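Here the structure comes first, spelled out in structure tokens, and everything after it is commentary.
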Amino acid sequence: MTTGLWSNGVVAVVAATVTWLLVPLTQRLAARVGAVVAPDERRVHRRPTPTLGGAAMLAGFLAAVAAAAWVLPGFDAVFESPREITGVVLAAVVMYGVGFIDDLRDVSAPAKLAGMVLAGSVLSIAGVSLVYFRIPFAGFWVLTPDLSALVTVLWVIGMANAVNLVDGLDGLAAGIVGIGALAFFVYTQQLAGNDLLRAANPAPLIAAAAVGVCVGFLPHNFHPARTFMGDGGALLLGLLMAAATISVGGRTRDPFSGQTFFFFAPLVIPLFVLGVPILDTAFAIIRRARQRSGLATADKGHLHHRLMEMGHGQRRSVAILWGWTALLSATALYPTITGLGDSLVLLGLAALALALVTWFHPGLRRPPES
């Protein structure tokens with residue numbers, strides 16, 4: 001095992017251990033401050049549940065990055081000029097803070113959006129920003145500083161909301177992001193092995209820490225959940241995935257080892273690694289626009305709700321969506337691992353996306369009204 005893999009493995013273990021150990025403390029804290037979610041008509045849990053688990057996740061991330069990675073070999077280049085990783089840490093704290101306040105008391109949608117913009121701006125100012133933007137079959141654009149900052153903030157908002165929206169069943173968001181972060185970590189290792197990722201790039205470290213945080217949280221959160229990550233945890237995971245994908249996807253203009261598909265992979269990989277929450281977000285926007293309700297209005301029309309309406313229980317619904325995430329990730333990563341299938345991977349991804357749309361799209365499976 002190379003030094004880099006060993007060091008990233010230790011980071012993931014530290015993140016998982018600290019998160020796992022601290023979750024019981026956040027449960028007691030939630031009970032003291034009243035951060036307990038009662039069952040209601042739009043939620044599927046049946047008993048009051050503490051919802052500050054995201055605090056343990058933040059602590060796990062900080063311990064892994066600011067403590068473990070600082071002393072481990074393999075991260076010298078990342079901390080040699082620590083502006084970027086410091087920016088990620090600060091943005092993570094800001095993003096969690098936004099969700100934490102919302103977990104204690106309802107925050108208006110504009111105020112919550114402003115907090116997300118602040119977190120994205122911190123990333124951009126620290127240099128973690130999209131410089132190159134690719135569109136498949138249309139090449140790429142070098143973004144101006146102003147446009148780079150705007151696209152970076154929009155990317156952060158999109159990722160954070162995608163994870164937050166999919167956090168509706170026990171273990172769902174943590175499992176999906178854990179699988180997605182692991183797949184993205186594999187992608188960064190392939191890039192690094194082909195000299196297409198600088199040693200100073202923080203993406204592998206962020207992805208490894210995100211995997212650990214999710215693994216450490218899941219034992220407390222899988223059905224029946226003893227605690228929830230809350231908006232704080234969901235927004236934090238979205239921020240981490242945004243930072244990792246920005247660090248890779250928006251920072252290199254090189255094709256991957258001559259493979260034409262991976263010229264576009266920095267855009268395609270994050271979209272399909274987190275395909276389930278992104279698709280769920282798209283459905284939610286369409287559904288709420290048709291119903292003329294606000295985009296922040298909660299409902300029970302998400303993918304996981306539809307699975308339960310089909311007769312699947314919580315655990316099976318979660319397992320199905322974990323499986324979709326793993327399948328989408330594996331299909332997108334297949335060419336990087338084997339060097340084969342460039343011409344077929346887009347067709348495979350399109351077929352999987354079409355299957356998801358056909359099965360889950362609002363209205364497509366409803367019988368016609370008589």
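So that you can scan it fast, the table gives a plain yes or no per residue for (1) surrounded by fewer than 22 Cβ atoms within 10 Å (Cβ to Cβ); (2) polar (S, T, N, Q); (3) touching a strand residue (DSSP E or B) at 6+ places or on another chain (Cβ under 7 Å); (4) not in a helix (DSSP H, G or I):
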position: Val156; (1), (2), (3), (4): no, no, no, no
position: Ala183; (1), (2), (3), (4): no, no, no, no
position: Thr188; (1), (2), (3), (4): no, yes, no, no
position: Leu197; (1), (2), (3), (4): yes, no, no, yes
position: Ala200; (1), (2), (3), (4): yes, no, no, yes
position: Leu205; (1), (2), (3), (4): no, no, no, no
position: Cys214; (1), (2), (3), (4): no, no, no, no
Could you grab the pairs with beta carbons closer than 6 Å, sequence gap of 6+ or different chains, first residue in region 157-169 and in contact (Cβ under 8 Å) with a residue 40 or more places away in the chain and within 20 Å of Thr49 (Cα to Cα), second one surrounded by fewer than 24 Cβ atoms within 10 Å (Cβ to Cβ) and polar (S, T, N, Q)?
Leu165/Thr281; Leu169/Gln314
Say we look at region 122-141 and pick out the residues that are within 26 Å of Pro82 (Cβ to Cβ) and surrounded by fewer than 16 Cβ atoms within 10 Å (Cβ to Cβ); which of these is modelled with the highest pLDDT?
Ile125
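Every residue, every condition in (1) among the small types (Gly, Ala, Ser); (2) more than 20 Å from Val248 (Cα to Cα), yes or no:
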position: Val156; (1), (2): no, no
position: Ala162; (1), (2): yes, no
position: Ala192; (1), (2): yes, no
position: Leu218; (1), (2): no, yes
All but one of (1) under 18 Å from Ala243 (Cβ atoms); (2) at pLDDT below 85 hold for Thr188; state the number of the condition that does not hold.
(2)
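The values are calculated or read from the model by the stated rules, or taken from the named source; none is laboratory data. Everything numeric in this text was worked out from a predicted model, so none of it was measured. Note: ideal-geometry Cβ built from the backbone for every residue, glycine included; neighbour counts use all protein chains shown.
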